[in-house]
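Structure first, then comments.
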Amino acid sequence: MSDLIVKLYDLDFSYDLSENILIKRPIGPEKIHVVEWTLKNFGKLWASEVDVAFSNNPISVFIAYEKESKDIVGFACYDTTSRGFFGPTGVLKEYRKKGIGKALLLRALQDMLNVGYAYAIIGDAGPVEYYKKAVGAIEIPDSSPGVYKDLLDK
């Protein structure tokens, strides 16, 4: 899959979510909970990247969670594999198609703009058409396999 590029300075960062779902930047004491949740639901590679996100300043992961139960339902990171890269991101299957993924995407991209990025790279983008529609992402020619080409995954 190709990498994509997004112009952050042209984005509309507004989104609508159910009143039951909130998005926040977790804090240090929540790290183990967020990393373990990611490991359970999305695997060790993405959990490793969430762990890296907690080492950044500011912490570069956002979570979506249910307001009353405080159960995590999704996450989005940036600056984990390479600087200026958005991802990984994931939403639990039963919560998809409700705008949560887009809200997480926009919140993370807005934070990237706020810390000084003009552009974001979406590395090894899975749903390319989704990102094109959601944030006007453009494919970067000859960008596959990109920075993940020598990834150790056993």
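Close Cβ contacts (under 8 Å, 6 or more residues apart or on different chains) running from residues in region 66-93 that are under 17 Å from LEU4 (Cβ atoms) to residues that are among the basic types (Lys, Arg) comprise ALA76/ARG107. I want to confirm something. Restricting to region 100-135 and keeping residues that are out of contact with any helix residue (DSSP H, G or I) (no Cβ under 7 Å at 6 or more places or on another chain) and in a loop (DSSP other than H, G, I, E, B), which single residue is surrounded by the fewest Cβ atoms within 10 Å (Cβ to Cβ)? Checking each candidate, the answer is GLY116. Is it true that some residue in region 76-98 is over 25 Å from TYR148 (Cα atoms) and in contact with a strand residue (DSSP E or B) (Cβ under 6 Å, 6 or more places away or on another chain)? So far as region 76-98 goes, yes, one or more of its residues are over 25 Å from TYR148 (Cα atoms) and in contact with a strand residue (DSSP E or B) (Cβ under 6 Å, 6 or more places away or on another chain).
Can VAL115 be described as under 20 Å from THR81 (Cα atoms), of a type outside the set (Phe, Trp, Tyr) and modelled with pLDDT under 95? So VAL115 does not fit the description; no. Of all the listed residues (LYS149, LYS98, LYS133), the sole one being more than 21 Å from LEU8 (Cα to Cα), without any contact (Cβ under 8 Å) to a residue 60 or more places away in the chain and of a type in the set (Lys, Arg) is LYS149. Given the condition part of a loop (DSSP other than H, G, I, E, B) and either within 23 Å of ASP10 (Cβ to Cβ) or in contact with a Leu (Cβ under 6 Å, 6 or more places away or on another chain) (or both), answer yes or no: does some residue in region 64-75 qualify? There is at least one residue in region 64-75 that is part of a loop (DSSP other than H, G, I, E, B) and either within 23 Å of ASP10 (Cβ to Cβ) or in contact with a Leu (Cβ under 6 Å, 6 or more places away or on another chain) (or both). Which residues, counting only those in region 8-38, are open to solvent by 90 Å² or more (accessible area, probe 1.4 Å) and at pLDDT 95 or above? Result: TYR9, ASP12, ILE27, PRO29, ILE32, HIS33, GLU36. Within the option set PRO58, PRO141, being assigned to a loop (DSSP other than H, G, I, E, B), of a type outside the set (A, V, I, L, M, F, W, C) and open to solvent by less than 60 Å² (accessible area, probe 1.4 Å) holds for one residue only, PRO58. In this structure, is PHE62 within 19 Å of VAL135 (Cα to Cα), out of contact with any strand residue (DSSP E or B) (no Cβ under 9 Å at 6 or more places or on another chain) and at pLDDT 95 or above? Against the criterion (within 19 Å of VAL135 (Cα to Cα), out of contact with any strand residue (DSSP E or B) (no Cβ under 9 Å at 6 or more places or on another chain) and at pLDDT 95 or above), PHE62 does not qualify.
The values are calculated or read from the model by the stated rules, or taken from the named source; none is laboratory data. This one's a predicted model, so the numbers in the text were calculated from it and none came from an experiment. Every residue, glycine as well, gets a Cβ built from its backbone with ideal geometry; the counts of neighbours run over all protein chains shown. We work out accessible area using only protein heavy atoms, side chains counted, and drop any ligands, DNA or RNA first. Shrake-Rupley method; radii C 1.70, N 1.55, O 1.52, S 1.80 Å.
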